[in-house]
Amino acid sequence: MKITWFGTASLQIETKKDCILIDPYICYRGAENRQWITDYMQKENILITHGHYDHLASLPIIMDFGEATVYCTETPAGTLEKKGVDPDLLAVIQPGTELLFGDMKVKVWKGKHVKFDKPLIKQILFSPRMLRYFYRIPQLVHGILAYPEGEETVAFEILCEGKRILVLGSMGLDPDTLYPEDIDLLVLPYQGTSLPVSTALSILERLHPRAVLLDHFDDAFPPITRTVDTRPLKKALEKKYPNIKVVKPIAGKPIEI
């Protein structure tokens, strides 16, 4: 089984027979990692963790080049319909839904979106980068308003080839959900809070995965995002959880698990 990270939260998980895309997104010019429509063409199954702009906005373009089925909750499904996506290509899911893609079994879990705290918001608003990318502010405001999350963030548990992978849609967990144990790999979005290390450690304390693959740590749509330094997290894990391996992927380079 291979996992390819394309930037932001965009993932491809593939076996010799099957392939799924999760949150495919094409960043605009100026992003740290650039994706291309060819990265996402001719894929049959697309899974969406939630409806924010950087997880959903590229779907109408991607689907113009094929007829993939998109699996998402009600809010992003409604957004995609408004953007002209054929409703027949949308499959509405919810926590508890189970899907089968060849030899890959996928279970949907209730997730929780990370809270954008006041220190982070101030850091973004008063950054010199706001002036540099001022011309993008109308587009970003439109994206925030037109692509609601609806408190419907989910996580995907993927069982394949004897491995258990849990892909989080954001750096948060539902406090009342008992998540699966014996996780071989946790895919952890590492952005969205001024306290990323402590937020990540609280998640790892609940899940105890054998390994962590970071995503969403890159500067995907400046000036709202930034490149997050992952070294403090690695140092913290070496002290508290030395047995958990941390993987920082390179965009476009497959990782075998």
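The values are calculated or read from the model by the stated rules, or taken from the named source; none is laboratory data. Since the structure is predicted, the reported quantities are computational estimates derived from the model, not experimental observations. With ideal geometry, Cβ positions are generated from the backbone for all residues, glycine too; neighbour counts draw on all protein chains shown.
Every residue, every condition in (1) more than 24 Å from residue 97 (Cα to Cα); (2) in contact with a Lys or Arg (Cβ under 7 Å, 6 or more places away or on another chain), yes or no:
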residue	(1), (2)
154	no, yes
165	no, no
169	no, no
195	yes, no
202	yes, no
205	yes, no
220	yes, no
223	yes, yes
231	yes, no
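Among the residues of region 217-236, the one identified as buried (at least 22 other Cβ atoms within 10 Å of the Cβ) and not in a loop (DSSP other than H, G, I, E, B) is 233.
Of everything listed in (1) free of Cβ contacts under 8 Å to residues at least 40 places away in the same chain; (2) buried (at least 24 other Cβ atoms within 10 Å of the Cβ); (3) more than 30 Å from residue 132 (Cβ to Cβ), the single unmet condition for residue 13 is (1).
Looking at region 20-35, which of the residues that are crowded, with 22+ Cβ neighbours inside 10 Å and not hydrophobic (A, V, I, L, M, F, W, C) is nearest to the chain's Cα centre (by Cα)? That would be 23. Within region 37-48, the set of residues being hydrophobic (A, V, I, L, M, F, W, C) and modelled with pLDDT under 75 comprises 41 only.
This table checks each residue for (1) over 30 Å from residue 57 (Cα atoms); (2) at pLDDT 95 or above; (3) within 16 Å of the chain's Cα centre (by Cα); (4) of a type in the set (Ser, Thr, Tyr).
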residue	(1), (2), (3), (4)
186	no, yes, yes, no
219	no, no, yes, no
223	no, no, no, no
230	no, yes, no, yes
236	yes, yes, no, no
244	yes, yes, no, no
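In region 28-43, what count of residues is obtained for those that are assigned to a loop (DSSP other than H, G, I, E, B) and either out of contact with any Gly (no Cβ under 8 Å at 6 or more places or on another chain) or among the hydrophobic types (A, V, I, L, M, F, W, C) (or both)? Within region 28-43, residues that are assigned to a loop (DSSP other than H, G, I, E, B) and either out of contact with any Gly (no Cβ under 8 Å at 6 or more places or on another chain) or among the hydrophobic types (A, V, I, L, M, F, W, C) (or both) number 7. Of all residues assigned to region 75-91, at least one qualifies as being farther than 30 Å from residue 219 by Cβ and buried (at least 17 other Cβ atoms within 10 Å of the Cβ).
Table: residues versus (1) surrounded by fewer than 19 Cβ atoms within 10 Å (Cβ to Cβ); (2) of a type in the set (Lys, Arg); (3) within 13 Å of the chain's Cα centre (by Cα); (4) over 20 Å from residue 146 (Cβ atoms).
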{"position": "37", "(1), (2), (3), (4)": "yes, no, no, yes"}
{"position": "40", "(1), (2), (3), (4)": "no, no, no, yes"}
{"position": "44", "(1), (2), (3), (4)": "yes, no, no, yes"}
{"position": "54", "(1), (2), (3), (4)": "no, no, yes, no"}
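Selection of region 44-53 for residues being touching a Gly at 6+ places or on another chain (Cβ under 7 Å) and assigned to a loop (DSSP other than H, G, I, E, B) yields 49, 50, 51.
Screening the candidates 25, 53, 40 for the property of being on the phi < 0 side of the Ramachandran plot, aromatic (Phe, Trp, Tyr) and without any contact (Cβ under 8 Å) to a residue 40 or more places away in the chain yields one hit, 40. Exactly one residue out of 145, 166, 140, 99 is without any contact (Cβ under 8 Å) to a residue 12 or more places away in the chain and within 20 Å of the chain's Cα centre (by Cα), and it is 145.
Here is a yes/no grid of residues against (1) crowded, with 17+ Cβ neighbours inside 10 Å; (2) within 21 Å of residue 93 (Cβ to Cβ); (3) polar (S, T, N, Q):
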position	(1), (2), (3)
140	no, no, no
185	yes, no, no
194	no, no, yes
202	no, no, yes
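Considering region 54-151, the qualifying helices (runs of 4 or more DSSP H), each wholly inside and each with 3 or more residues that are modelled with pLDDT of 95 or more, in contact with a strand residue (DSSP E or B) (Cβ under 8 Å, 6 or more places away or on another chain) and not hydroxyl-bearing (Ser, Thr, Tyr), run over 74-82.
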